[in-house]
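Have a look at the structure below, then the notes.
Nothing in this text is a laboratory measurement; each read-out follows from the coordinates by a stated rule. Since the structure is predicted, the reported quantities are computational estimates derived from the model, not experimental observations. In this analysis, Cβ positions are derived from the backbone assuming ideal geometry, glycine residues included, and neighbour counts consider all displayed protein chains.
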Amino acid sequence: MNKFYVWAAALFSAVLIIPACKDGRDEGITGFGSVEIEFDNRAEGESLVFGKTYTNAAGESLSFSLLDYYVSNVVLVSEDGARYVAPKDSCYFLCKHEDPDSRVVRINNVPAGNYSGLEFMIGVDSAKSVSPVTERVGVLDPATGASGHYWSWNAGYIFMKVEGNSPAAGTADNFFQYHIGLFGGFNSPTLNNLKTIALTAPAEPAMVRQGEEAPHFHLYVDALEIFKSPNVLSIEDYPAVHASPYSANIAANYADMFVIDHVHNH
Amino acid sequence: MKYTSAVLFLLALVACRDPQSPVDEPFEGPKMPANFPAPAYNLSQNPVTEAGFNLGKKLFYDKIISRDSTISCADCHISYSAFSHPDHPTSHGIDNLFGRRNALAVQNMLWGKEFFWDGGVPNLDLVPLNAIQSPVEMDNTPAEVLNRLKQNAEYKAMFKAAFGTEEVTTARFLQSLSQFMAMLISANSPYDHYVRGESGGELSSDALAGMTLFQTKCAGCHSTDLFTDNSFRNNGLLDDFTFDQGRYEVSQLPDDIGKFRVPSLRNVTATAPYMHHGKLKTLEAVLDHYASGVKESATLDPLLRQPDGSLGIPLNATEKAQIIAFLKTLTDEQFLRDARFAE
């Protein structure tokens, strides 16, 4: 090999190596750490309180009595765009409003780096939705962890469960109930209400460092967004929605209810 | 006299080989029939063992699964009718409530891709949960079923034998039922012997003529040696689907309104009445429907629209009789009377 090729190869390697160094692990950051993601349910600018009266975008007064949702398939995106895909099986969470601990989820063994982006799915992906029972543990076990969050007749998980009361409902006890699921089918298609949420930190990234306390994405989750955009959901018109074509409108609404309010670094 | 004894002895030997008598041979797991496609269920994730099969069978026949301990799986899925519910258009479950749809046969489940008339369950392991939770079938919760099993010494011993631990989990409970259902393979009808070139496969000329007709007129949907393409179709039974919208209720896709599973035709002589609503009592009525009873609706299957605009499948009386003669060759007496599967 003549000298030109040696130099060209060296230069080419350098071009490859320089951007590679600019992923989340630049400046000599090595090792692994953890990240926490807090789902802080809110309404009208404050923490969501069950039983408290709010007003939705249709001008209807309402209160909530249940707000549970599945979070899965978490991806962390570093400042220069490198993506860390958390191992799928360690990453199914059922966030229940009444159980604050369930709303702080932790991702371990994350390569040290600066992460400004966060992606996750609301719901349980189609592969997991058709997996053998041995792969359904914890919050995915139909008899235990997923009890009340699993449809046996249309086998799949209820991604988002919203219940409450509103004088607009016109039902017994003015009860309204939205149970949104449907993963798109596996062999034969169905409606697909899986939503992937992609968020960006407003200011500083989550700085994951080996041996240091986990940085914390603090998400604001505006419960009233379920009624707001892109589709104004009227409780009077739709006091109960389960597996129906209209469920797609509600899934579209909750897809934009999540924002990163801030990141705590310790 | 000597001859009589010999004949009696031979008869006794034959009786011992009768499929109705208990088998004392070593346990054999499910055997894949040579004329079947590859199974959909992954048996390597749930290998069938004798203890797992026995546990699944006990659960299948146990009324403890239902809320008030009055209904077992076997109440609506009876072995001698290929685990369908003979003479019941729809079945009566808990509190004598009726379901909306005819109980499907439980056979060749390893080849199922989606289960039930609407395909609402995509995995064999999850099939029992549907009946357990249905308010008109067993009206129970999986959690309550597990609680009952955990308190039952006999079951604890059987879980230990099947899975090496007394611990009752959702997965083990459902996997044992899958192991029982995995064994319910029907592939020994005269037709099977015919296609595999085995003895017992001599078909009548009517049946052979019916087979040829079947291949051109019926196999568009009832394809492969499973006699179903596992699809969902509107076969023109009804033109109003407000009572039961079929696959649409699961998929929420407008193209699916009024579509139902194409059922297998194996053991079809044993599974009357027919169709998702169970309202056709005989095979003659079924063929009359296809020949002259198909109703127009938006999602009617294209295979039931003839080039001249007529609906259905042209069939004369001789052709109907020949097709029925062929369908009778799909009856697998060995399966229907297999002592391993009966209560």
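Things worth noting here:
- Beyond 24 Å in Cα-Cα separation lie the following of the pairs B:58/B:156; B:217/B:328; B:259/B:328; A:128/B:113: B:259/B:328.
- Max mean-square fluctuation residue, GNM over chain A, Cα-Cα springs under 10 Å, options A:36, A:98, A:79: A:98
- Taking 16 Å as the straight-line reach from the Cα of residue B:281, the aspartates and glutamates in range (excluding those fewer than 8 positions away in the same chain) are B:87.
- For the peptide B:135-148, the mean number of other protein chain Cβ atoms found within 10 angstrom of a residue's Cβ is 2.
- Cα centroid separation, segment B:78-139 to segment A:88-134 (Å): 34
- Segment A:93-110 - phi-based ³J(HN,Hα) in whole Hz, Karplus 6.51/-1.76/1.60, Gly and Pro as x: 10, 10, 8, 10, 4, 7, 10, x, 4, 5, 9, 10, 9, 10, 10, 9, 6, 8
- Whole-number percent relative contact order across chain B, with pairs defined as alpha carbons under 8 Å at least 6 apart: 21
- Long-range amide H partners of residue B:186 with built H, under 5 Å: B:108
- Of B:29, B:210, B:309, the one that fluctuates the most in a GNM where chain B has Cα springs shorter than 10 Å: B:309
- J(HN,Hα) series, segment A:142-157, from Karplus relation 6.51 cos²θ - 1.76 cosθ + 1.60, nearest Hz, glycine and proline x: x, 8, 10, x, 9, 4, x, 10, 9, 8, 7, 7, 9, 3, x, 8
- Measuring between their Cα centroids, segment B:266-325 and segment A:189-217 lie 55 Å from each other.
- Scoring B:198-204, B:275-281 by mean Cβ neighbours within 10 Å over their residues and listing the highest first yields B:275-281, B:198-204.
- Rounded, prolate or oblate (a/c below 1.5 giving rounded, otherwise prolate when a/b exceeds b/c) for segment B:190-334 by Cα gyration tensor: prolate
- Summing charges over neighbours of residue A:135, with a neighbour being any other residue whose Cβ is under 14 Å away from its Cβ, gives 0 when K and R count +1 and D and E count -1.
- Top of A:109, A:187, A:154 by mean-square fluctuation, Gaussian network on chain A, Cα under 10 Å: A:187
- 21 Å Cα-Cα reach of residue A:52 towards lysines, excluding residues that sit fewer than 8 places from it in its own chain: A:96, A:161, A:228
- Along its principal axes, chain B has C-alpha extents of 66, 64, 36 angstrom, given from the largest down.
- Computed E for residue A:66/residue A:237 - FRET, C-beta separation, R0 25 angstrom, nearest 0.05: 0.75
- Ascending count of other beta-carbon atoms within 10 Å, so fewest first, for A:153, B:111: A:153, B:111
- Anisotropy class of segment A:31-264 from Cα gyration tensor, a/c 1.5 cut: oblate
- Using the Karplus relation 6.51 cos²θ - 1.76 cosθ + 1.60 with θ = phi - 60°, the per-residue 3J(HN,Hα) values for segment B:294-305 come to 5, 9, 6, 7, 4, 9, 3, 5, x, 5, 9, 10 Hz, with x marking Gly and Pro.
- Once backbone amide H atoms are built at 1.01 Å from N, residue B:115 has B:120, B:121, B:123 as its partners under 5 Å, excluding neighbours fewer than 5 places away on the same chain.
- Amide H contacts of residue A:185 (H built 1.01 Å from N, in plane; Pro and chain starts excluded): A:190 sit under 5 Å, all sequence-distant by 5 or more or on other chains.
- Per-residue [θ]222 nm for chain A (sum of -39500 (n - 2.57) over DSSP H runs n ≥ 4, rounded to 500): -3500 deg cm²/dmol
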